[in-house]
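Peer 1: Submitted below is the structure of interest, expressed as structure tokens.
The values are calculated or read from the model by the stated rules, or taken from the named source; none is laboratory data. Just so it is clear, the model here is predicted, and its values are computed rather than measured. Every residue, glycine among them, receives a Cβ derived from its backbone with ideal geometry; neighbour counts consider all protein chains shown. Side chains are part of the model used for accessible areas, which takes the heavy atoms of the whole protein and leaves out ligands, DNA and RNA. Shrake-Rupley method; radii C 1.70, N 1.55, O 1.52, S 1.80 Å.
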Amino acid sequence: MKSTDWLHGFRHSSPYINAHRGRTVVLTIGGDAIAHDNLINIIHDLALLSSLGIRLVVTFGARPQIQKRLEAAGESSSFHRGLRVTREAQLPLVLEAIGGLRSYLESQLSQGLVNSPMHNARIRVSSGNFVTAKPVGVLDGVDFGFTGKVRRVDVDGIESLLDLGYIVLVPPQGYSPTGDVFNLSYEDVGSQVAAALQAEKLIIYTRHQGVLDEQGQLIRELSAREASDRLAASKASGEDADLLRAACNACVQGVKRAHIISHQVDGALLEELFTRDGSGTLVSSDNYEQIRTASVEDIGGIVELIRPLEEQGILVRRSRELLETEIDRFVVAERDGTVVGCAALYHYPEEQAGELSCFAVDAAYRRGGRGDELLAMVEQMARQQGIRRLFVLTTQTEHWFRERGFQPSTVQALPGPKLAAYNVQRNSKVFVKPLG
């Protein structure tokens with residue numbers, strides 16, 4: 001029998017397609033990824049994204065290619081603080097390697113054979129002097145020569161090409177007003193270009209599935225603050241640290257989301273963008289900084305927030321004493337020292353279930369996405385606790401929850417202790433969301 005799994009997945013990708021159409025996405029592809037056999041699939045995925053109306057900027061690296069070219073010419077390389085020292089005599093070889101990769105990527109994006117995913121794509125690619133650079137200079141007594149760092153990005157130039165439907169290709173090199181060319185870190189280029197464009201997303205390819213913890217397990221979500229803490233604690237090193245730092249820096253400068261995914265996994269990009277759970281690690285801008293676990297000091301703010309909803313019968317009444325004993329189950333959204341949202345997670349370990357409860361957002365902030373941010377943090381906490389399904393009881397907001405993946409259920413589906421405490425007079429409706 002013919003499988004229709006693709007049909008279900010394709011239909012359920014529609015919300016993500018709609019959300020990304022017309023948005024700017026910056027992709028950062030290292031030289032190792034370009035040399036990998038999976039590059040052709042990445043190219044096909046880029047063509048698909050372009051056809052879906054996503055504005056694409058592709059930045060790329062060339063470290064292994066530069067190393068190979070220098071070795072072929074009998075030149076040695078030296079590194080300091082993770083950066084290559086680029087001597088003046090080596091600069092032509094470096095630019096030759098970068099130029100060769102740029103032409104190669106342009107050729108791959110120009111494919112259009114019949115019976116291939118690129119047929120009739122007719123992708124237009126443009127590159128240019130979009131990055132103004134300055135020399136790294138001398139650090140720790142080491143003169144970096146023609147190794148540079150990003151000084152400025154030509155946002156208007158890139159935007160004008162994106163408006164015309166081009167994929168913009170940005171190599172790891174920059175130019176100075178003095179007419180010099182500098183060899184740049186591709187992580188720095190990707191991060192700074194994404195920040196300058198205020199891109200919706202920065203996609204970073206790595207050899208791993210994403211950011212891994214000390215046990216080698218994938219970390220699916222990090223806030224920019226959490227990413228910075230991992231770097232400060234030296235929980236990432238080498239290129240892994242450089243890529244995580246690039247993601248963190250982009251988010252701090254206004255990029256909403258950075259995604260670190262594998263260049264070795266076929267379809268990792270599509271899975272990350274068009275499925276609920278993604279394929280790699282999501283690093284988020286620090287709107288999450290305002291979403292945090294609650295403390296005793298927040299009780300007054302929570303009481304003030306939920307009291308009107310309790311009086312309207314929307315929320316179940318909670319005493320201050322009860323809040324004090326259960327405060328470790330709460331998360332809050334804070335703005336300028338004021339609690340503007342809260343939610344609680346109650347765990348039922350025997351059923352691997354969790355209850356989203358006491359969910360409230362100040363009326364002035366309901367259109368600002370605070371509710372979605374609170375829900376995202378509660379879901380993250382639930383997954384960390386091994387919760388497989390999240391349920392909520394509501395009398396007023398069923399449509400809001402249904403729009404976010406909760407499905408109608410029955411009272412009988414509640415965990416035993418919750419079923420026993422169910423208030424028949426409130427007649428709350430039950431909605432459940434699987435967390436996978």
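Peer 1: Based on DSSP H runs of at least 4 residues, each adding -39500 (n - 2.57), what is the mean residue ellipticity at 222 nm of the chain after dividing by all its residues, to the nearest 500 deg cm²/dmol?
Peer 2: Result for the chain: -10500 deg cm²/dmol, rounded to the nearest 500.
Peer 1: Where the Cα atoms of region 186-250 are projected onto their three principal axes, how long is each span, largest first, in whole Å?
Peer 2: 36, 22, 21
Peer 1: Still on this structure, please answer the following. Would you kindly state how much longer the chain becomes between Gln352 and Ile314 on full extension, computed as 0.36 nm times their sequence separation minus their alpha carbon distance, in nm to one decimal?
Peer 2: 11.0 nm
Peer 1: Further, regarding this structure: Tell me, Kirkwood radius of region 103-147 from alpha-carbon pair distances, in Å?
Peer 2: After inverting the mean inverse Cα-Cα distance, the result is 14.1 Å.
Peer 1: Within region 359-422, report the trypsin sites (Lys or Arg not before Pro) that DSSP leaves as loop and that have at most 16 other Cβ atoms within 10 Å.
Peer 2: Arg388, Arg404
Peer 1: So, one more: Extending each Cα 7 Å along its Cβ direction at Asp240 and Ser51, get the distance between those two points in nm, one decimal.
Peer 2: 3.7
Peer 1: Also: Starting from the Cα-Cα distance between Arg207 and Ala233, subtract it from 0.36 nm times their residue separation and give me the gain in nm to one decimal.
Peer 2: Gain on stretching Arg207 to Ala233: 7.2 nm.
Peer 1: Under 17 Å between alpha carbons, and skipping anything fewer than 8 positions from Lys433 in its own chain: which aspartates and glutamates qualify?
Peer 2: By straight Cα distance, Lys433 reaches Asp277, Glu351, Glu355, Asp372, Glu373, Glu379, Glu398, Glu403.
Peer 1: Could I ask something else about it? Using the C-alpha gyration tensor of region 151-292, what are the square roots of 5 times its eigenvalues, in whole angstrom, with the largest one first?
Peer 2: Over the Cα atoms of region 151-292, the semi-axes work out to 26, 18, 16 Å.
Peer 1: What range in the chain is the longest one free of GluC sites (Glu not before Pro) that are in a loop by DSSP and have at most 12 other Cβ atoms within 10 angstrom?
Peer 2: 1-213
Peer 1: Could you give the Stokes-Einstein D for region 35-96 in µm² per second, using the C-alpha Kirkwood radius, 10 °C, 1.306 mPa s?
Peer 2: Roughly 112 µm²/s, to the nearest whole number.
Peer 1: So what's Rg/Rh here for region 59-164, counting alpha carbon atoms and using the Kirkwood radius for Rh?
Peer 2: 1.07
Peer 1: Set the Förster radius R0 to 30 Å, insert the Cβ-Cβ distance between Tyr16 and Glu214 as r into 1/(1 + (r/R0)^6), and round the FRET efficiency to 0.05.
Peer 2: 0.40
Peer 1: Further question on the same structure: Looking at the square roots a ≥ b ≥ c of the eigenvalues of the Cα gyration tensor of region 291-436, which shape do they give, rounded for a/c under 1.5, prolate if a/b is larger than b/c, or oblate?
Peer 2: Rounded is the answer for region 291-436, as its axis ratio a/c remains below 1.5.
Peer 1: Next question, about the same structure. Where the only charges are on Cβ atoms (+1 Lys, Arg; -1 Asp, Glu), what is the dipole of the chain about its Cα centre, to the nearest 20 debye?
Peer 2: Here the chain has a charge dipole of around 980 debye.
Peer 1: How far, in nm, would the chain grow between His80 and Thr325 when pulled straight, counting 0.36 nm per residue and subtracting the alpha carbon separation?
Peer 2: Gain on extension, His80 to Thr325, equals 82.9 nm.
Peer 1: What percent of all Cα-Cα pairs in region 269-349 falls in each 10 Å bin, counting up from 0?
Peer 2: Pairs per bin, as whole percents: 16, 37, 27, 17, 4.
Peer 1: Also, quick follow-up: Let's test the formula: R0 of 30 Å, r as the Cβ-Cβ distance of Asp5 and Leu113. What FRET efficiency results, to the nearest 0.05?
Peer 2: The formula returns an efficiency of 0.65 here.
Peer 1: Now a separate question. In square angstrom, what is the accessible area per residue of region 233-284 with a 1.4 angstrom probe?
Peer 2: The answer is 38 Å² per residue.
Peer 1: Run through the DSSP bridge list for the chain and note the antiparallel percent, rounded to the nearest 5.
Peer 2: Counting DSSP beta bridges with both partners in the chain, the antiparallel share is about 55 percent.
Peer 1: How much space per residue, in cubic angstrom, does the convex hull of the C-alpha atoms of the chain take up?
Peer 2: 185
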